[in-house]
Amino acid sequence: MESEKELTARKMPRDVTTRWNSTYDMLEFSFDYSESINKITGERSMKLRQYELKDHEWSIVEQLRDCLKVRFLFYY
């Protein structure tokens, strides 16, 4: 995915409990950078394998992001 996209280096947006759109921003970023996130969490030397997402979990990220996007569009 990132190999086809030209993505810039960015910090991942933080999820703020008092702002539901921050969850959307975090999920959007995560999905866009999923290939990079998979590479980082899959690297044994980084010791982040416990945070690696399975394919079905990425599907949930996508579905939740899409649901929040619809709410975001109707909200504004």
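The values are calculated or read from the model by the stated rules, or taken from the named source; none is laboratory data. All values derive from a computational prediction rather than experimental measurement. We place every Cβ from the backbone using ideal geometry, glycine too, and count neighbours over all the protein chains shown. In case anyone asks, the SASA skips ligands and DNA or RNA and just uses the protein heavy atoms, side chains included. Shrake-Rupley method; radii C 1.70, N 1.55, O 1.52, S 1.80 Å.
What accessible area per residue, rounded to a whole number of Å², is obtained for the chain using a probe radius of 1.4 Å?
Dividing the accessible area of the chain by its residue count gives 82 Å².
With all protein chains present and a 1.4 Å probe, how do Lys11, Lys39 order by accessible area, largest first?
Sorted descending by solvent-accessible area, the residues read Lys11, Lys39.
Could you look at the chain and say what percent of its accessible area is carbon and sulfur, using a 1.4 Å probe and all protein chains?
On the way: 3390 of 6250 Å².
Roughly 54 percent, rounded to a whole number.
Quick one: if the Förster radius is 35 Å, what FRET efficiency do Trp58 and Thr18 give, using the C-beta to C-beta distance and rounding to 0.05?
For Trp58 and Thr18, the calculated efficiency is 0.85.
Nearest 0.05, what FRET efficiency do Arg49 and Glu6 give at R0 = 22 Å with Cβ-Cβ as r? Can you show the working numbers first?
On the way: r = 28 Å, r/R0 = 1.28.
That pair, Arg49 with Glu6, gives E of 0.20.
Between [x] 34, 33, 20; [y] 40, 20, 17; [z] 43, 26, 23, which entry matches Cα extents along the principal axes in Å as derived from the coordinates of this structure?
[z]
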